[in-house]
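This report refers to the structure that appears directly beneath it.
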Amino acid sequence: MRHGGLLVQGGYVVRTGPLEELRRCYPEAEVVHRGKALTPPVVNAHTHLDLSTTPRFQGPYPAFIRHVIAHRSSRTPAAVRQGLAELQKNGAGAFGDIAYNLEGAAWLVENSPLPGVVYLEVIHRNPQEAEAVASRLAHLVARLQRRSRRLRVGLAPHTPFNVSPPLLKRLSELAQKEGFPLQMHVAESPEETELLTQGRGALQAIPQSLGLPPYQDLPGLTPVRYLAKLGVLGPHLTLVHGVQVDEEEVQMLAQSGSRVVSCPRSNAALDCGEFPWALYLKHGLEVALGTDSLASSPDLDVRNEALALWGKVDPRVLVRAATRSGYRTLGLETPRITRGTPVSQVQSW
Ligand SMILES: [Zn+2]
């Protein structure tokens, strides 16, 4: 609602509606302006809490990947704890987190007071081992899920190039069969498209510099077309970023029921381009927002992602992205502000 208001009495919302109407009905009530929006607690649908103590990087995406690899020892449960504390300080209502290692994920499922999803990151390129790796991961998801207090457990195949095609297919089948969610970085950088379509570029140089085999048998397709061909798109999959897409690919995503999370400040910091909001909205996709990690974003407050786009994208779309779309993306009920809602559960922007 544009120009809306809440009537508050004794710490509770008594009525909601257009500000003018509330003023007319309650002429003695004091009017307190609270910034740009009043919403339920916002949702950070994509972050990496274990990168909370890694120095922040700005520059091209392939150099960022090298930066993260160089600082991998900083990804500890202590970093996860620090990131979670920041989310709570910001008043987040839920979150989706990518966990690089099992220790951090285990700490989170046992300790997080916030609901959401923790996705275990998967990087595995040997197609011969796909079947064994997939069943091991599915068992791990089930085991962690049993220990979890508030979080659902899922998997995060890192990118279309860091997981072998048979493993990606198998994880997608298992996710649908066993009902766990997947989240994956897709169509993030121009370099990703260059690697997948032409097999070369700055990303191809990374495994070689680490003494690993080069990326091989690349599909010769753009990221979303590749995933569509493999048959892994669908409501069980949340794509993160989706910047490097054309209209036909956005249509493929819409028809498949896949979910989408945008991280605008991280995309800007890593020279990845701008998320095409108009295309996604034209095809009826519901987009959630995430901050990505503190290694590429200045903070974990998803309101600041929306505010970075204020004036460029309809504010109602941004508010919805940070609230309802976030809850839905994570499979949670969206809280509502209504008569009886404690005012402590209303977030101002
Ligand atoms: Zn990410």
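The values are calculated or read from the model by the stated rules, or taken from the named source; none is laboratory data. The structure presented is a predicted model; accordingly, all values stated were derived computationally and were not measured. Cβ sites come from the backbone with ideal geometry, for glycine too, and all protein chains shown count toward neighbours.
The single condition from (1) away from the ligand (no atom under 15 Å from the Cβ); (2) of a type outside the set (Val, Ile, Thr); (3) not in a loop (DSSP other than H, G, I, E, B) that Asp50 fails is (1).
Can you pull out the residues in the range 34-51 that are more than 22 Å from Val186 (Cα to Cα) and touching a helix residue (DSSP H, G or I) at 6+ places or on another chain (Cβ under 8 Å)?
Narrowing the range 34-51 to residues more than 22 Å from Val186 (Cα to Cα): 34-42.
Matches in the range 34-51: Lys36, Ala37, Thr39, Pro40, Pro41, Val42.
When Gly104 is tested against (1) among the small types (Gly, Ala, Ser); (2) more than 30 Å from Asp299 (Cα to Cα); (3) touching a helix residue (DSSP H, G or I) at 6+ places or on another chain (Cβ under 7 Å), only condition (2) is not met.
Results for (1) within 15 Å of the ligand (Cβ to nearest atom); (2) within 16 Å of Ala45 (Cα to Cα), shown as yes or no for each residue.
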{"position": "Phe64", "(1), (2)": "yes, no"}
{"position": "Arg81", "(1), (2)": "no, no"}
{"position": "Leu102", "(1), (2)": "no, no"}
{"position": "Ser112", "(1), (2)": "no, yes"}
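Of the listed requirements (1) surrounded by fewer than 19 Cβ atoms within 10 Å (Cβ to Cβ); (2) in contact with a helix residue (DSSP H, G or I) (Cβ under 6 Å, 6 or more places away or on another chain), Ala79 misses just one: (1). Each residue in the range 260-315 was checked for being away from the ligand (no atom under 16 Å from the Cβ) and either surrounded by fewer than 20 Cβ atoms within 10 Å (Cβ to Cβ) or not charged (D, E, K, R) (or both), and 23 pass. Counting only helices (runs of 4 or more DSSP H) that sit completely within the range 114-224, those holding 2 or more residues that are in contact with a helix residue (DSSP H, G or I) (Cβ under 7 Å, 6 or more places away or on another chain) and modelled with pLDDT of 95 or more correspond to 130-147, 165-178, 190-198. Criterion applied to Ile98, Ile65, Ile69 was being of a type outside the set (Gly, Ala, Ser) and either at positive phi or assigned to a strand (DSSP E or B) (or both), and the one residue passing it is Ile98. Taken as a whole, the structure leaves Pro60 outside the set of residues that are away from the ligand (no atom under 16 Å from the Cβ) and either crowded, with 22+ Cβ neighbours inside 10 Å or over 15 Å from Asp292 (Cα atoms) (or both).
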